[in-house]
Amino acid sequence: MIASLEDALALYATGEGSYRAYADPDNEAGTGMFGGWTAALLLKSVLCDPRAEGEAAALNVNYIRRIPPKSELTVTCAQLGGSQSVSTWRAEIFVESREAPSATANIVLANKRDSDSFTERKPPEAPDPHSLPMIHPPASFGQRVDMRAWRIPFGQENSHSAHWIRERSGHPIDHVLLAYLADAYPPRILTRSPGMRPSSTLTLSAYFYASADELAAIGDDFILSEAVGTRAAASIIGSQLNMWNRSGALLATSEQLCWFK
């Protein structure tokens, strides 16, 4: 039985813009708490604030130091400025025994309205997810996601890969879950390597195009995640991610910078 995502990302208000949280060990990655869990918790702290208006448009996370599983956390958020259309926020996660944050994020909320629209990118061709076996990424967070890939992404001649993915507890797709899934794909250095090797996310950015209503229409169905590396050099590698629904609508994009060994 998979615990609900709401429980895994539970926030308890302790004052204006301040919450108590817990580093749920069921959302651990190989080097501490899963980066997607961290990003989702930071975004949720802003979306839960009574002062927040609009929908998530952008999320930029810096991973400063390891968040130990089972640690007690303080999460804070504050509005930096804005207008009737957009507002910018800062959120931070502190481990209780530390004075400096372990992760920070800048978050942009937007009051979205109808406008001209187009999409330059196209989704890759993909088999039906139910025709593929379920696999799980390594570490405890991997048990939360149902991933369906049609090729093993190791030892390739290029770093492009794609897979279907959904959250197993039945949480419907929303902006917080997209932030969680923005880190749920193999590090790009592995696609050019014969096997596993250490890799850690330094920064993660996510940009949300789909409205809350568009995401609600997906329910808890699969989305298609398509990733590609940009450049690897001097133990640093970049990657880009596109997230699509079954109908081929681009829901969000993400970009990472990772360290590897």
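Computed quantities for the displayed model
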{"quantity": "Where a residue in region 148-161 is on the phi < 0 side of the Ramachandran plot and part of a loop (DSSP other than H, G, I, E, B) and its partner, wherever it lies, is surrounded by 11 or more Cβ atoms within 10 Å (Cβ to Cβ) and small (G, A, S), with Cβ under 7 Å and at least six apart", "calculated": "P153/S161; F154/S193; S159/G229"}
{"quantity": "Condition met for A103 (over 24 Å from T14 (Cβ atoms), surrounded by 15 or more Cβ atoms within 10 Å (Cβ to Cβ) and in contact with a strand residue (DSSP E or B) (Cβ under 7 Å, 6 or more places away or on another chain))", "calculated": "no"}
{"quantity": "Sole exception among (1) modelled with pLDDT of 95 or more; (2) within 18 Å of I165 (Cα to Cα) for Y185, by number", "calculated": "(1)"}
{"quantity": "Count of residues meeting criterion [among the small types (G, A, S) and without any contact (Cβ under 8 Å) to a residue 60 or more places away in the chain] in region 171-202", "calculated": "2"}
{"quantity": "Filter result (surrounded by fewer than 19 Cβ atoms within 10 Å (Cβ to Cβ) and in a strand (DSSP E or B)) within region 64-75", "calculated": "E72, T74"}
{"quantity": "Residue satisfying all of: in region 5-57; modelled with pLDDT under 95 and part of a loop (DSSP other than H, G, I, E, B); surrounded by the most Cβ atoms within 10 Å (Cβ to Cβ) among these", "calculated": "T31"}
{"quantity": "Flag for R90 being basic (K, R), surrounded by 19 or more Cβ atoms within 10 Å (Cβ to Cβ), part of a strand (DSSP E or B) and modelled with pLDDT of 95 or more", "calculated": "no"}
{"quantity": "Hits in region 40-61 - residues which are touching a strand residue (DSSP E or B) at 6+ places or on another chain (Cβ under 7 Å) and either more than 21 Å from G82 (Cβ to Cβ) or charged (D, E, K, R) (or both)", "calculated": "L41, D49, R51, E53, E55"}
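The values are calculated or read from the model by the stated rules, or taken from the named source; none is laboratory data. Everything quoted here is computed from the prediction, not taken from an experiment. Cβ coordinates were reconstructed from backbone atoms using ideal geometry, including for glycine residues, and neighbour counts include every protein chain displayed.
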